[in-house]
1. Answer with yes or no whether residue 433 is out of contact with any strand residue (DSSP E or B) (no Cβ under 6 Å at 6 or more places or on another chain), surrounded by 14 or more Cβ atoms within 10 Å (Cβ to Cβ), closer than 25 Å to residue 207 by Cβ and at pLDDT 95 or above.
2. Among the candidates 403, 336, which residue alone is surrounded by 20 or more Cβ atoms within 10 Å (Cβ to Cβ) and farther than 15 Å from residue 248 by Cβ?
3. Given 63, 45, which one is in contact with a strand residue (DSSP E or B) (Cβ under 9 Å, 6 or more places away or on another chain), surrounded by fewer than 17 Cβ atoms within 10 Å (Cβ to Cβ), outside the structural domain of residue 323 (by TED's automatic domain parsing) and more than 27 Å from residue 193 (Cβ to Cβ)?
4. Suppose we keep only residues that are assigned to a loop (DSSP other than H, G, I, E, B) and modelled with pLDDT of 90 or more within region 156-173. Which one would you say is surrounded by the most Cβ atoms within 10 Å (Cβ to Cβ)?
5. Mind checking whether some residue in region 214-230 is over 19 Å from residue 443 (Cα atoms), within 13 Å of the chain's Cα centre (by Cα), surrounded by 15 or more Cβ atoms within 10 Å (Cβ to Cβ) and assigned by TED's automatic domain parsing to the domain that holds residue 413?
6. Considering only residues that are under 15 Å from residue 130 (Cβ atoms) and in contact with a strand residue (DSSP E or B) (Cβ under 9 Å, 6 or more places away or on another chain), which ones fall in region 168-187?
7. Considering only region 425-437, how many residues are over 18 Å from residue 233 (Cα atoms), assigned to a loop (DSSP other than H, G, I, E, B) and out of contact with any helix residue (DSSP H, G or I) (no Cβ under 8 Å at 6 or more places or on another chain)?
8. I need the full set of residues from region 287-307 which are in contact with a strand residue (DSSP E or B) (Cβ under 7 Å, 6 or more places away or on another chain), part of a loop (DSSP other than H, G, I, E, B) and over 20 Å from residue 324 (Cα atoms), in order please.
């Protein structure tokens, strides 16, 4: 079987890498791919945009591909699955109607209310003046309630652009001034059309976890729980990013908690989508906050594999990935045997360009990847490429998040140690990475 992977990030490199491990997968095409996929055996990059639906369909038909896997959210939100299905092609990824669960946070909130899924309280605004007035009123109520020892919503408060903003449309405002600035930036065009509607949410306290679940629209199965590190700065500070590192499985999610997530969040979400007439086949990614009381609350839903969570979940998966994806597409997930996993941990450290997620430069030569992977041969270290490309046979940086260095280990501590050993082998000008991935788990176990 030939498989076509749409996208050019670390997630897509991980997908192509994992698919090629299956004995049934003969070849993988990546549209457009990156410097890492260009160097995989039996993998070909095709220079084409992820929104070139006609070109992607033609490529798939000419090469008789048995499966198309859509990585990024943007083409899903634009309706790539609908278009390709009309060409009688087999696609893993929800339709445009299903992708609304990520492309509109307001739509997703309404679905959660309908399904009685626990989530942060929120209000939706379509103009800056109303949003700012709400922020000020909430702060005033909070100050008044505080004097009476009553808890209500003031700051911190969360401002979210309603649409797709590459993981950067969320501001956790610690002051009223920060909240107002975030609203003004959103309506001022920082996120384009995605920011012309905003959600203002209550600030949840706890630990964030990522649950990537696969579904055929009837059955839904969670993959291993992962924990992402979204902020650019150490100690979970600074601006939100697409993700600076991750690890799996996270001990924050026990077996009993995963059962609750299954019955209280995942299954109700799929049932609510069905009630709306949406046949959702693909990944349903639940970004959760686990409160100090152990309650799971949904922060957001995404319609695709997470990045960098995919880079730690897939290396632990032993079941061939094509079997899993085809079972979803062909609506026979219930018949698939339980997924097999390695009894190990995986940790990933993202190496970014200096200045990310704001202004950064591209085109710097990258050295040390072979040494990084060789340093962790016994631990299964692999460097997934995100923002890279080959320029006259020289690998150069080509994005904000450049590489995702993943390592396995018998324990989380050994996995993260192997990952950082590999990171130190890699060099390019002005690189940046967080040195505290997994810090909460490390601290809790050191006590």
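1. Details: out of contact with any strand residue (DSSP E or B) (no Cβ under 6 Å at 6 or more places or on another chain): no; surrounded by 14 or more Cβ atoms within 10 Å (Cβ to Cβ): yes; closer than 25 Å to residue 207 by Cβ: yes; at pLDDT 95 or above: yes.
The answer is no for residue 433.
2. On the way: 336 fails: surrounded by 20 or more Cβ atoms within 10 Å (Cβ to Cβ).
The unique qualifying residue is 403.
3. Details: 45 fails: surrounded by fewer than 17 Cβ atoms within 10 Å (Cβ to Cβ).
None of the other options fit; the residue is 63.
4. Step one: list which residues in region 156-173 are assigned to a loop (DSSP other than H, G, I, E, B), which gives 156, 162-169.
Within this subset, residues satisfying the condition of being modelled with pLDDT of 90 or more are 156, 162-164.
Numbers: 156: 15, 162: 25, 163: 20, 164: 23.
Result: 162.
5. Restricting attention to region 214-230, the residues satisfying the condition of being over 19 Å from residue 443 (Cα atoms) are 214-225.
Among the residues that remain, those that are also within 13 Å of the chain's Cα centre (by Cα) are: 225.
Checking which are surrounded by 15 or more Cβ atoms within 10 Å (Cβ to Cβ) leaves us with 225.
After this cut, where a residue has to be assigned by TED's automatic domain parsing to the domain that holds residue 413 as well, the list is 225.
Checking region 214-230: at least one residue is over 19 Å from residue 443 (Cα atoms), within 13 Å of the chain's Cα centre (by Cα), surrounded by 15 or more Cβ atoms within 10 Å (Cβ to Cβ) and assigned by TED's automatic domain parsing to the domain that holds residue 413.
6. Here is the first cut: in region 168-187, the residues under 15 Å from residue 130 (Cβ atoms) are 179-180, 182-184, 186-187.
Passing the criteria: 179, 180, 182, 183, 186, 187.
7. At the first step, the residues of region 425-437 found to be over 18 Å from residue 233 (Cα atoms) are 425-429.
Pick out the ones that are also assigned to a loop (DSSP other than H, G, I, E, B) and you get 425-426, 428-429.
Those left that are additionally out of contact with any helix residue (DSSP H, G or I) (no Cβ under 8 Å at 6 or more places or on another chain): 428-429.
Number satisfying all stated conditions: 2.
8. The initial filter retains those residues of region 287-307 that are in contact with a strand residue (DSSP E or B) (Cβ under 7 Å, 6 or more places away or on another chain), namely 287-291, 296-306.
Subset that is part of a loop (DSSP other than H, G, I, E, B): 291, 303-306.
Of everything in region 287-307, just one residue is in contact with a strand residue (DSSP E or B) (Cβ under 7 Å, 6 or more places away or on another chain), part of a loop (DSSP other than H, G, I, E, B) and over 20 Å from residue 324 (Cα atoms), namely 291.
The values are calculated or read from the model by the stated rules, or taken from the named source; none is laboratory data. It should be emphasised that the depicted structure is a prediction, and the values quoted were computed from it without experimental measurement. A quick note on method: Cβ atoms are made from the backbone with ideal geometry, for glycine too, and the neighbour counts reach across all protein chains shown.
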